[in-house]
Amino acid sequence: MFNLNTAMLVGRLGADAEIKTMPGDKGKVASFNLAVDRSYKDRSGKWHTETDWFRVVTFVPSLIDKVLAKEATKGRLVFVQGALRARAWEQEGQKRTSVEIEVDNTGGITPIVEDKN
């Protein structure tokens with residue numbers, strides 16, 4: 001049987017990447033929200049743009065220190081490849097769930113250099 005869990009997105013950071021040190025000196029975690037636009041033409045010929053937001057998280061030290069700490073700023077266009085991860089927690093007595101894109105050593109986060117011409 002073949003299994004595959006991968007997501008590839010190109011979008012813009014909604015804010016600077018947030019980098020935190022985990023308790024007990026267990027490394028760092030970085031996260032950011034990625035806005036991915038899609039455009040389509042309706043039946044009357046009018047163009048529309050919709051934005052979907054995705055939460056991206058990574059624990060990979062080299063990505064955090066070499067890429068995100070230096071280049072992950074609000075509005076920056078990036079390519080993200082990672083796996084979908086569902087997590088659940090309880091907050092103020094209510095169960096919460098979230099699906100994130102987790103980038104590990106098999107994926108990546110690459111800033112895209114935009115042509116200014």
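The values are calculated or read from the model by the stated rules, or taken from the named source; none is laboratory data. Because the structure is a prediction, the values reported are computed rather than measured. Counting neighbours? That spans all protein chains shown, and the Cβs are built from the backbone with ideal geometry, glycine included.
Data for the structure
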quantity: Near pairs, Cβ below 9 angstrom, 6+ apart or cross-chain, from region 62-74 (without any contact (Cβ under 8 Å) to a residue 24 or more places away in the chain) to any residue that is assigned to a loop (DSSP other than H, G, I, E, B); calculated: Ser62/Asn105
quantity: Per-region count, region 4-53, residues of a type in the set (Asp, Glu), surrounded by 10 or more Cβ atoms within 10 Å (Cβ to Cβ) and either more than 16 Å from the chain's Cα centre (by Cα) or not in a loop (DSSP other than H, G, I, E, B) (or both); calculated: 3
quantity: Criterion violated by Ala88 - all others in (1) touching a helix residue (DSSP H, G or I) at 6+ places or on another chain (Cβ under 9 Å); (2) aliphatic (A, V, I, L, M); (3) more than 15 Å from Val10 (Cα to Cα) satisfied; calculated: (1)
quantity: Every residue from region 11-30 that is closer than 30 Å to Thr49 by Cα, among the charged types (D, E, K, R) and touching a residue at least 24 places away in the same chain (Cβ under 8 Å); calculated: Arg12, Asp16
quantity: Total residues in region 54-71, condition surrounded by fewer than 14 Cβ atoms within 10 Å (Cβ to Cβ) and either of a type in the set (D, E, K, R) or modelled with pLDDT of 95 or more (or both); calculated: 3
quantity: Odd one out for Ile64 among (1) more than 23 Å from Ala17 (Cβ to Cβ); (2) part of a helix (DSSP H, G or I); calculated: (1)
quantity: Qualifying residue in region 87-99 (condition: surrounded by 11 or more Cβ atoms within 10 Å (Cβ to Cβ), among the aliphatic types (A, V, I, L, M), in contact with a Leu (Cβ under 7 Å, 6 or more places away or on another chain) and modelled with pLDDT under 95); calculated: yes
